[in-house]
Amino acid sequence: MSSRIPIADLGREYQDLKPEIDAAVVRVLASGQYVGGPEVEALEREFAEFCGTPHAVAVGSGTDALRFALTAAGVGSQDEVVTSPMTFIATTEAISQAGGRPVFADVDSASYTLDPALVERALTPRTRAIVPVHLYGQTADMDPILELAKRRGVAVVEDACQAHGAAYKGRLAGSMGAVSAFSFYPTKNLGACGEAGMVTTARSEIAARVRRLRDHGQSEKYRHVEEGYNGRLDALQAAILRVKLGHLAAWNERRRTLAARYRAGLAAIAAPAGPGPLRGPGIILPTEMPWARHAYHLFTVRVADRDRVRQALSERGIDTGLHYPVPLHLQPAYASMGMGVGSFPRAEAASREVLTLPMYPGMTDAQVDRVCDALRGIPGMR
Ligand SMILES: *Cc1c(COP(=O)(O)O)cnc(C)c1O
């Protein structure tokens, strides 16, 4: 009897790095410096180098990173910010909490990232920023979005919370927009043992503003030039993240290898991707877009009879996830926007069919094969 396959396995990641992580934790505990300080500054330097950006500012979470990035990019009262309905609610919470108003544009049906042509139609004179979400570890189609933003004088704020180490035409996620946000939530490709996040930018005035926002708006001790937040990163998380950052490139490569194995193992039941809902049997594999180096944060497929397939996998000892079962415009929190079913048909079709398969660097080839065998064996799959 083989054990269950989880969708991620964080305990195992710790076991693999135990000596290094334990040493880092003890070093911080003995240092007496627990919030900010040299570990946090070192992580900022190392992560900036990893992303190829001049500045990185560590904050308390990915949501903090988005909120501070948006404010520093100039989003304020009633400014419209165009983003995808196919994301985690943190993206739009940050827009609202920065004072702005989320405006949705539908996604491309192959990449599930913002369709640049639909972004253009969503722009108004009130638009202040565009937030492309690099979903599942794949960047949005950035060149047309950056070109459009430049032409219309709006800022691009990347939501790179799922895309550590992903690239677009050779440029790394987090290095293309005016400013970008990363999450180090434990399940992300680079995850802390708690909450953590990072803002990256090439612009020193944006970096300085984010440093101020994360620390109660202080420009120097007890001089508060604006109200800010308690959004600092603690040294324990920084020290742990520094250990893990050293493994991130290799982990991402392993994810890509696992993705290739899934593709081979599922080729016999693969259905062509197309707009609208999936008709007929089979499974739509993730599309690696021509521009992308996919970091496979999630390996999310589509199946027509999603809940039945999910149940069948569970009975065979395989956990799966839903990213995301309800697009944001249909969430109760946004009922007042008045956007019903049919507003963003591609995101809606995808949300009914998406199914996230197990994917983590410590996953074995044999485990991938077990998932593929189980899927191929489900009645009605071919
Ligand atoms: C995880 C995530 C966030 C939020 O990050 P937290 O660290 O959990 O606050 C924001 N956007 C996306 C797309 C995410 O996946």
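The values are calculated or read from the model by the stated rules, or taken from the named source; none is laboratory data. Here the structure is a predicted model, which is why all the values come from computation and not from measurement. Neighbour counts run over all protein chains shown; Cβ positions are idealised from the backbone, glycine included. Just so you know, the surface numbers come from the protein's heavy atoms only, side chains and all, with ligands and any DNA or RNA stripped out. Shrake-Rupley method; radii C 1.70, N 1.55, O 1.52, S 1.80 Å.
Observations on the structure shown:
- Gyration tensor (alpha-carbon) shape descriptor, the stretch 193-319, a/c threshold 1.5: prolate
- Zone residues, the stretch 67-88, relative to residue 126, backbone N less than 15 Å from point 7 Å out along Cα-to-Cβ: 75-83
- Highest-MSF residue in the chain out of 185, 296, 229 [GNM, Cα springs under 10 Å]: 229
- Sites residue 305 and residue 243, calculated FRET efficiency, Cβ-Cβ separation with R0 45 Å, nearest 0.05: 0.60
- Karplus-derived 3J(HN,Hα), 6.51/-1.76/1.60, for each residue of the stretch 31-44, Hz, glycine and proline x: 6, x, 10, 10, 10, x, x, x, 5, 5, 5, 5, 4, 4
- Per DSSP, loop trypsin sites (Lys or Arg not before Pro) in the stretch 278-379 with at most 11 further Cβ within 10 Å: 279
- Percent carbon-and-sulfur accessible area, the chain, ignoring ligands, DNA and RNA, probe 1.4 Å: 52
- Of 356, 320, 364, the one that fluctuates the most in a GNM where the chain has Cα springs shorter than 10 Å: 364
- Taking label positions 7 Å along the Cα-Cβ direction at both residue 376 and residue 230, the computed distance is 5.5 nm, reported to one decimal.
- Cα centroid separation, the stretch 92-158 to the stretch 327-382: 22 Å.
- Structure remark: mean-square fluctuation, Gaussian network model of the chain, C-alpha springs under 10 Å; the largest value among 117, 192, 155 belongs to 117.
- Whole-Hz Karplus values for the stretch 198-214 come out as 8, 10, 10, 6, 8, 9, 5, 6, 5, 4, 5, 5, 5, 4, 6, 4, 6 Hz, taken residue by residue from phi with 6.51 cos²θ - 1.76 cosθ + 1.60 and θ = phi - 60°; glycine and proline positions read x.
- Taking 2, 84 and ordering them by how much accessible surface each has at a 1.4 Å probe, largest first, produces 2, 84.
- Mean ellipticity per residue at 222 nm, deg cm²/dmol - from DSSP H runs of n ≥ 4 across the chain, formula -39500 (n - 2.57): -12000 deg cm²/dmol
- Estimated distance in nm for a label pair at residue 256 and residue 31, the labels positioned 7 Å out from Cα along Cα-to-Cβ: 3.2
- Sparsely packed trypsin sites (Lys or Arg not before Pro) within the stretch 161-247, loop by DSSP, other Cβ within 10 Å at most 10: 221
- A 1.4 Å probe run over the chain, with the rest of the protein chains in place, finds 41 Å² accessible per residue.
- In the stretch 248-376, Cα pairs under 8 Å separated by at least six residues give a relative contact order of 35 percent.
- Dipole magnitude of the chain about its Cα centre (Cβ charges: Lys, Arg +1; Asp, Glu -1), debye to nearest 20: 460
- Cα-based shape type of the chain, given that a ≥ b ≥ c are square roots of the gyration tensor eigenvalues and the cut on a/c is 1.5: oblate
- When the square roots of the Cα gyration tensor eigenvalues are ordered a ≥ b ≥ c, the ratio a/c for the stretch 276-316 is 1.5 or more and a/b does not exceed b/c, which makes its shape oblate.
- Qualifying lysines (Cα of each under 22 Å from Cα of residue 244; at least 8 residues distant if same chain): 18, 188
- Candidates per GluC sites (Glu not before Pro) in the stretch 197-301, loop by DSSP, up to 11 other Cβ within 10 Å: 227
- Between residue 14 and residue 219, the C-beta separation translates, for a Förster distance of 35 Å, into a calculated FRET efficiency of about 0.35.
- Per-residue SASA remark: residue 287, around 50 Å² accessible (1.4 Å probe; ligands, DNA and RNA not included).
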